[in-house]
Structures are given as structure tokens and as C-alpha cells.
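Asks: Have a look at the structure that comes next, please.
The values are calculated or read from the model by the stated rules, or taken from the named source; none is laboratory data. These numbers come from a predicted model, not from an experiment. Reconstructed Cβ throughout: ideal geometry from the backbone, glycine too, with neighbour counts over all protein chains shown. For accessibility, only protein heavy atoms count, side chains too; no ligands or nucleic acids. Shrake-Rupley method; radii C 1.70, N 1.55, O 1.52, S 1.80 Å.
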Amino acid sequence: MHILVTNDDGIRAPGIAALYRALRAIPNAEITIVAPEQNQSAVGHRKTLRDPLRIGPVTLPDGTMGHACSGSPADAVAVALMGYIKTPVDIVVSGINQGPNMGQDVTYSGTVTAAMEASIFGLPAVAISLDSHSEPAFSHAAAFAAHFVPRVLEHELPELTLLNVNVPMGPPEGVVITRQGRRRYHDELIEREDPNGRPYYWIGGEKPTGDIEEVGTDVWAVANGKISITPIELDMTHHGMMKALEDWELPLA
Ligand code: MN
């Protein structure tokens, strides 16, 4: 079993080391780490086509060998799978992210889009995120990953589908299968002035919340101390709206 481990917090982030250590305990697991050189959180599903990509071996803080890529998380996965890594990969695991990826977060998340890239390459993929930005205690998430990844390989995932796992901060009180919930963002535009008197902007504000009372969602599960597993497919068609859209009677050829 050859597992490609990646993340979006950067190859030196503690979450990827925790994930690597946990997966190494799986019998017969061979693990390769390929991840962004820098923190690439919230870069979305970025594909680098107009700049060169640099990638090469690095030694992580705990002595583990990995490969650092100059591009986005999805770039790291693509470069690895297109031939940089010579041994065929069986599954891609992305994480453990420092911070949750729920609801609309998945469209921003480098952790999830790295898994999306793997599913585009036809591989099963898992994204794992921890519901904590400040106190990274990865042990529960790591232990779950070591249990879950072999189970994913026992089964087949549908085409263009990945599994998005969010783990609560404390000891988990069970595992639930969920749908995407609704995030509530509290972004604020902060305007400042540069030394030349020109304005520049930051996106600031409080951390997002969510509709935690919406039972059955990722947001609800994590708020209730449960590990959330959401199957996510890349086909984002709103099937229910197709008929309504046809009724707009647009001048279609
Ligand atoms: Mn991140």
C-alpha cells in the first residue's frame, strides 16, 4: 500500500508529521510525503501553468524525508502523480490541517483541493482537518487516520469523489457520515495606506462560524464532538435547478 501524504499548511507543519507517524503504523504501508514548501492554506484548487515548479527532497524537523514543492497543494499532488514519484500511488491523504474545512470552506481549502486533485487522477483521496487553529493536538485525528485509510482502500470510491474528514478538538464522541453544512463568514475589509499613500487591503475579521443546529451536517457533527466524514463529489451541478433554468425560455439554438 503506497500512500501519498500531502497538506496545505506546508511540509514543515506539525500536522503532516503527525499524520505520517500514524500512517507508518499501518502494516505494509509505504509512505511518500510531497507537500508545498510554504503554507498554502486557502489557495483553493490552484494549478500553476505560467511559472516553473520546483520540487526536491527535504528533511523534516523530525528527521523524516519528504519532497517540498514550490506550487499549490494540488500542484504538489499533480507533480507527484505525473511521474516525479516513481512508485504507483494507491491513495492520497491530505492533512492533518490545522483548522476545520467544512461547508463552503472546501472551495477555499488547499487541504481539500489536494484531495480533489487526487480524485481527478482517479485515486481514492481523504482530506483530514482538525477543528483547532491554536492548540494543535493531533493525536485523535492521527489515530483515526491510521484506522480509516485502510478501510477506504478496502472499498471503492465513486469516480471524482473524495472523503472530507473533520475531527473535533477534544476526544471524539463517535463518527458520523454528514453532508456539507452552511458556513457563516465574518470577513471584514481592512483598508490601510502604504508608505506612498496608496491604499491596500486585507481580508480580516473573526473566524467563521456555522449553522450548528442543522442536524446531519459537518458543522453540526464537529460542534457536537463527533468526527465528521462527508463524501464530496466534484460534479457541482445543481440538478434541481436545470429544469427551472430551462423554463427561463432562453433563446437557445
Ligand atoms: Mn491549512
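Asks: Could you give the DSSP H helices of the chain that reach 18 angstrom or more along their long axis (alpha carbon positions) and whose average Kyte-Doolittle hydropathy is no lower than -0.5?
Replies: Values: long enough: 139-154 (24 Å, 0.62).
The answer, listed by residue number, is 139-154.
Asks: How much length, in nm to one decimal, is gained on full extension between ALA25 and ALA42, taken as 0.36 nm per residue of separation minus their Cα-Cα distance?
Replies: Working: separation 17, 0.36 × 17 = 6.12 nm, distance 3.00 nm.
In short, 3.1 nm is gained.
Asks: With a 1.4 Å probe and all protein chains left in place, how much of the accessible area of the stretch 59-189 comes from carbon and sulfur atoms, in whole percent? List each step's numbers first, then the result.
Replies: On the way: 3100 of 5670 Å².
Of all accessible area on the stretch 59-189, carbon and sulfur atoms account for 55 percent.
Asks: Can I ask one more? Sorted by accessible area with a 1.4 angstrom probe, largest first, how do TYR108, TYR84 fall? Mind dumping the intermediate values first?
Replies: Working: TYR108 115, TYR84 70 Å².
From most accessible down to least: TYR108, TYR84.
Asks: Roll a 1.4 Å probe over the protein heavy atoms and report the accessible area of ILE212 in Å², nearest 10.
Replies: About 90 Å², ignoring ligands and nucleic acids.
Asks: A further question on this structure: Express in nm, to one decimal, how much length is gained between ILE212 and ILE177 on full extension, taking 0.36 nm for each residue of separation and deducting their alpha carbon distance. Write out the running numbers ahead of the final one.
Replies: On the way: separation 35, 0.36 × 35 = 12.60 nm, distance 1.54 nm.
This chain segment gains 11.1 nm when fully extended.
Asks: A follow-up question, please. If you average 1/r over all unlike Cα pairs in the chain and invert the result, what Kirkwood radius do you get in angstrom?
Replies: Values: mean 1/r = 0.0525 Å⁻¹.
Answer for the chain: a Kirkwood hydrodynamic radius of 19.0 Å.
Asks: In nm, give the distance between the simple-model label positions of GLU154 and ASP247, each being 7 Å from the Cα along the Cα-to-Cβ direction.
Replies: 4.6 nm
Asks: Right, something else. Can you order the peptides 214-220, 187-193, 202-208 by their average number of other Cβ atoms within 10 Å per residue, highest first? Could you put the intermediate results ahead of the total?
Replies: Numbers: 214-220: 20.0, 187-193: 9.6, 202-208: 11.1.
Result, highest mean Cβ count within 10 Å first: 214-220, 202-208, 187-193.
Asks: State the answer as a single residue: which of ALA146, VAL165, GLY122 lies farthest towards the positive end of the charge dipole of the chain, with beta carbon charges of +1 for Lys and Arg and -1 for Asp and Glu, about the Cα centre.
Replies: It is ALA146.
Asks: Something else now. Compute the distance from the alpha-carbon center of the stretch 207-229 to that of the stretch 51-123, in whole Å.
Replies: Computed from Cα coordinates, the inter-centre distance equals 26 Å.
Asks: Sticking with this one: With label points built 7 Å along Cα→Cβ from the Cα atoms of ALA146 and ASP90, find their separation and express it in nm.
Replies: 1.7 nm
Asks: I've got another one for you. Sort 157-166, 3-12 by the packing proxy (mean of other Cβ within 10 Å over each peptide's residues), most packed first.
Replies: Numbers: 157-166: 20.3, 3-12: 25.9.
In descending order of packing, they fall as 3-12, 157-166.
Asks: Mind checking the per residue accessible area of the stretch 11-167 for me, 1.4 Å probe, whole number of Å²? Before the final figure, lay out the partial values.
Replies: Numbers: 6830 Å² over 157 residues.
Result: 44 Å² of accessible area for each residue.
Asks: Calculate the dipole size of the chain relative to its Cα centre from +1 charges on Lys and Arg beta carbons and -1 charges on Asp and Glu beta carbons; express the result in debye to the nearest 20. Spell out each step's value before the answer.
Replies: Working: 18 positive and 31 negative charges, 143 e Å.
With Lys and Arg at +1 and Asp and Glu at -1, about 680 debye.
Asks: Just the Cα atoms of the stretch 140-253: what Rg and Dmax do they give in Å?
Replies: Taking only Cα atoms of the stretch 140-253, I get Rg and Dmax of 20.6, 60 Å.
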